[in-house]
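Read through the structure below, which is laid out as structure tokens, and then see the notes.
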Amino acid sequence: MNTETYSFKVGNLECMALSDGGLTYAPPMFPPPATILFNNAPVGALNRVLSEHDLQPEQWTEWTSPYTCLLVEAAGHLVLVDTGAGGLAPSTGRLIHNLKAAGIAPDDIDTVILTHAHPDHIGGNIDGEGKLTFPNARYVMWKEEWAFWTSEEAALKLDEHAKIMLPFAQRNLPPIRDRLELVDHETEILPGVRAVAAPGHTPGHMAVAISSGRQQLLCISDTVLHPVHLEQPEWYAVVDFAPEQVVSTRRRILNEAAIGKALVLAFHFPFPGLGHVIRKGTGWRWQPIETTA
Ligand SMILES: [Zn+2]
């Protein structure tokens, strides 16, 4: 299988999962993976659940997370969901290469939806010279998200783990100001493309629902960061801004995805990040799609 682009259809809409590369999270730069991802998990339960996933907490010293963006052709528009991490690390910023390899020029993108303002989702807004990567696009974000990251209170409200992300927002958000459209309720961005409130991971984190006919794709971004979060939705990550809100958002979105049998795209899951959410006990489990060579 091509590990950087994956084309699929939702009803009659052409979609593509596009890798932006990814990053390995390990000490000393980051806390150990189990701390990053399951910050409040009780040790006994954590060990048990991780071993079911062939992971041993003490030996699990690094977490390599893919970054997967989404391209949708809807109602004559080319829509990109998230711009990846740009030049954050040598292993990131693959999005543009992969778009071009798929025959799409950055100029062709007319709508960019930013699910939230963490560096791995907005880092590709500008190039190395500070110019807009997608010069013809309008940018859509949730109103609270923009307000938070462009406010002075952000520095006060972010804890030490999250504070390092502020300079990325301060660099990548102002250049899109003139072409920005903010949404403050669940609404259709384009025919078949809908903004879904998913706050908690960040103040104005949003999901995006793509629908055509009876089929639906729920692009849930960072509602969950690891498949274990489906089974243990109350285990939040160290970078989750409002843990209680994260848990209730997860329960609502995962429930909707399971009941509606929606295809789901999770930004940090193994590429292409696509799968289904299946009810399991009081939680859910992740069923990745079958991909063929
Ligand atoms: Zn992320």
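The values are calculated or read from the model by the stated rules, or taken from the named source; none is laboratory data. Source: prediction; values computed, not measured. Cβ coordinates were reconstructed from backbone atoms using ideal geometry, including for glycine residues, and neighbour counts include every protein chain displayed.
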Show the residue pairs meeting these rules: Cβ distance below 6 Å; 6+ apart or different chains; first residue within segment 271-293 and within 20 Å of Ser221 (Cβ to Cβ); second residue in a loop (DSSP other than H, G, I, E, B). Phe271/Thr3; Leu274/Ile289; Gly275/Ile289; Gly283/Pro233; Trp286/Pro227
Of the conditions (1) in a helix (DSSP H, G or I); (2) crowded, with 19+ Cβ neighbours inside 10 Å; (3) under 19 Å from the mean Cα position of the chain (by Cα), the single one that Ala154 does not satisfy is (3)
Tabulated pairs, segment 251-270, first at positive phi, second surrounded by fewer than 17 Cβ atoms within 10 Å (Cβ to Cβ) and at pLDDT 95 or above, C-beta under 9 angstrom, 6+ apart or interchain: Lys261/His276
I'd like to check which strands (runs of 3 or more DSSP E) are fully inside segment 165-254 and have at least 3 residues that are under 26 Å from Leu88 (Cα atoms). 180-183, 206-212, 215-221
Of everything in segment 224-249, what is in contact with a Gly (Cβ under 8 Å, 6 or more places away or on another chain) and under 17 Å from Thr115 (Cα atoms)? Give them in sequence order. Asp240, Phe241, Ala242, Gln245, Val246, Thr249
Of the residues that make up segment 2-24, is at least one assigned to a loop (DSSP other than H, G, I, E, B), out of contact with any strand residue (DSSP E or B) (no Cβ under 8 Å at 6 or more places or on another chain) and modelled with pLDDT under 95? yes
Selection from segment 84-129 of residues within 20 Å of Met141 (Cα to Cα) and within 12 Å of the ligand (Cβ to nearest atom) yields Gly84, Ala85, Leu114, Thr115, His116, Ala117, His118, Pro119, Asp120, His121, Ile122, Gly123
